[in-house]
Structure formats: structure tokens, C-alpha cells
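Structure record follows, encoded as C-alpha cells.
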Amino acid sequence: MNANPAFLTWIDLTASDRDKVRRVLDLFNEQGTIDELGLGPIRDFLSDALFPGTSVLHTRLRYVLFIPWLYRQLEARPSQVRDVAAEARALELRLVDALKNFGDQEGIIGAYAGSSLSRLPSQAYWSALVRWGIFDPNQSQSWYFRRFRELASPAPVGHSDDTGVAQDREETWNPHLPDPPDDLLESASFDLTAEEAEFVRGCIEANVPHSLLAWLVREGAKDLGSVPWLWQIPGRPNLPARLEEVVEMGRRFSLHLEGAPLLYNLVLAETRKKRYGDPQGREQAGIEKYEQALAEWAGREAQEAQFDPEALWDLGARHGAPIKAPLKRFVERWTYGVAAVGPHEVAESEALRDLVEQRERALKGPRARLVNESRLLDWRGDVGVGRMDFRWPQVRTLLTDLHEGLAR
């Protein structure tokens, strides 16, 4: 069966609502984030609190300039634009070729897909354009397409408060947006000029001033490419208390809940061996792999103070991201279960095994691997394993691009 990309017909959602749906869809594009235990809402609120406007699909920072530059080309000739979405897509595909012509293909969205590209850069970066104040209306991309002719029409002469003069048209792009290079669609580069980097820095500082993203922009952290986890950033001891709270919660939550997917995969490996046998020893190898991973996790978890779910719920409420009751119950039962038996006994705990099994069934119903024969047979291991990184790999690349531009 062909794996055709899925398409949605959007109803009139706000930019915020669309971003929430996009984050769910993005999970299918990010390796290692299959979320059978439903931890995504917590991961997402912590990611948004730390790095607002970012996405797992982000590759390079200059896209937040490429997109308004291309759209301004369309706005400069509104009478010639018949289908704005189609013409915008055509320009974005031309940009792919221009970036390939320059030679630096690291981070090019669509470098291999070409004209069959299903997720355009503008779709991946729209949340950043809105959140960082580069696209002035707090609206979705589909809203922009519907309002294109109105938005692109010339502003009336005079002042909006003059008698008989219509209200000025709504601005689309930040008025301080730098001008594009003349050869944008011939040979484009990901290198920001100093002016462009200053503009992006100003947008982030003005629109998300209390985030870790803004702090890293403002403090000018260097050599972030070698920092594996966000809680290991240089200068962390100097973070304001409100940011340190979120960073530490991310670190602690990602470690504490790392054990749950490991236990889930261990149960899957054991179930496959019990049901189908193991003539080649593959299932036993998987069992031993997850037992070892759980033992290593337990060694790290045992060095920590007991996780406090109430502190997490309080943080979520203060950030406008209340967590739904079923997820709260799962996290609390995991926390109390680990505390009851100790981290080193998690692999043998029937209560915690039942917990992850019940959680999968509650979320997936008849599609749960532990009750669905075909999905269990399709399992290839490592479902959702690994610590949550809260988009740090993407963000550190964006920040590296920014600081290199500021240094030019």
C-alpha cells in the first residue's frame, strides 16, 4: 500500500488552535516521538514555555525571513495572483532550488522531495512568524490566503481619521523587516546578515521576553552546538528563577518519565516472546536490552529526590496549560508506584506493568499493541524511548545561526 501524505481541510481556526493540531501531526514526522503513553501534552507545554514559536520541523533560522520576503513578492502584484496558495507554493519550491544552488544543503526543507513536498517551509514556520511578531496579525496562514487581496491592496491616501478616508489596510509583515537580497530566488544562503540577525533578535526579545529562547538570544550563549541537553547550557546558574524553574522541571520530568516507555517496550518484548515463540532469540535480545536500559535509568533516578507532580500541575496552570485528569492520574500513579517499589524494582513491578498496559488501552482502544495482533507483530522496538529534549536540537541550530549572524 502506498504511503501517501495525509491532508486536512482546515476550518476557520485561530493560529493558536492550528498550532496545537500541527503539533499532533508533527509527531508523525519526528523520529522517536511515537507517544503511545500520551505524554505529549506535558512535553509540548514545557517546550512552548521554554521556546515559544518553535517546532520540531524547524531547521534553519533564515526561513523566518525567506517566507515574508516571498509573500511580499506576491503582495507587490496582487492583481496578477489568481491562486495565492498555489503561487506561494511555487515560490517556495523555487527557493528550494536557490538554496541548493548555493551549495549548503544542511537544513533545506524539500531538498529531496522537490515538487512533491507536502509540508512547505511556510507551514512549518508560521507559528514562529506569528509568535515572534514578524507576521503582525495573530492569524493563521489560511486566514492570510483568504484575506490576501484585501491585505495586499494599496493603502488609501491620507490618514485613517480624516473625514471621508477609509481605514488604512491591516499591516501584514513587521515594518522593520530587512530587504531581501537581489538574487533571493537564484542562489540563496542560510547565512544571516548582521542586520537580519539584529531584526530577529529584536523580534524575539520584544514578543517572548520571558522565555529561555529570549534569554539565550540576549545573553549571546556560544558553542551551543556541543550542548547535548538544554539543562546543560552555559550560564544556567545565572538564569532568572522563573526560567530555572521550567528548565529544572523539564530535566526532572524527562528523566522521571523516561522509565515508563522503557517498561512498556519491555512488556511488548515479553508478550511477543510468549505468544509467538523466539526461535532466533530476537525477542530475548530485546528483553535483555530493555532490562539493561531500565537498570541504567534506575541508577540515575535513584540519585534524585522524589518527583513532585503537584509542582508540575502548578507550573502548567501558571503557563496557561492545564493538564487533563487522565494524564495527571497516569503521571501520579507512575510517581507513587516508583516511590513505593524503588527505581531498581520497576522492571518487576506488576502494578507499574499494569499501569502502562492500562494507559495504552485507554488511549488506543482496540489499536493498542498489547491487544491488537497486527500492531504487535509490526512492532520493531524502541517505541517512544529516550529522554524528552523539548525541541532543543532544533533550537540550538536556530540560535547558532542567529549568533553567527550577529558576529558578522
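Just so you know, all these numbers are worked out from the coordinates, no wet-lab data involved. Note that the structure is predicted; figures quoted are calculated from it, not measured. Here the Cβ is made from the backbone with ideal geometry for all residues, glycine too, and neighbour counts use every protein chain on show.
Observations, loosely collected:
- Between W229 and D182, the simple label model (points 7 Å from Cα in the Cβ direction) yields a spacing of 5.1 nm.
- Mean projected area of the Cα convex hull of segment 274-408, taken over all directions, amounts to 12.6 nm².
- The chain: most fluctuating residue of L262, L213, L363 per GNM, C-alpha cutoff 10 Å: L363
- Rounded tilt (10° steps) of 259-276 against the dominant C-alpha axis of the chain: 60
- Between segment 223-242 and segment 319-387, the alpha-carbon centres lie 30 Å apart.
- Evaluated over the chain, the count of Lys pairs having alpha-carbon atoms less than 26 Å apart is 10 (only pairs 8 or more residues apart or interchain).
- Per residue of the chain, the DSSP helices (runs of n ≥ 4 H) give a summed -39500 (n - 2.57) that works out to -16500 deg cm²/dmol at 222 nm.
- Angle in degrees between helix 40-50 and the longest Cα principal axis of the chain, rounded to the nearest 10: 50
- When peptides 301-314, 93-106, 193-206, 124-137 are ranked by their average number of other Cβ atoms within 10 Å per residue, the highest-first order is 124-137, 193-206, 93-106, 301-314.
- When the alpha-carbon atoms of segment 168-237 are used, the pair Rg, Dmax equals 15.8, 48 angstrom.
- Helix 121-131 axis versus longest C-alpha principal axis of the chain: approximately 80°, rounded to the nearest ten.
- Across segment 246-312, Cα-Cα distances exceeding 17 Å account for 50% of all pairs.
- Intensity falloff of segment 61-138 expressed as log10 I(q)/I(0), Debye formula with alpha-carbon point scatterers, at q = 0.12, 0.19, 0.20 Å⁻¹: -0.34, -0.85, -0.94
- Length gained on full extension, E150 to E345: 63.8 nm, using 0.36 nm per residue less the C-alpha separation.
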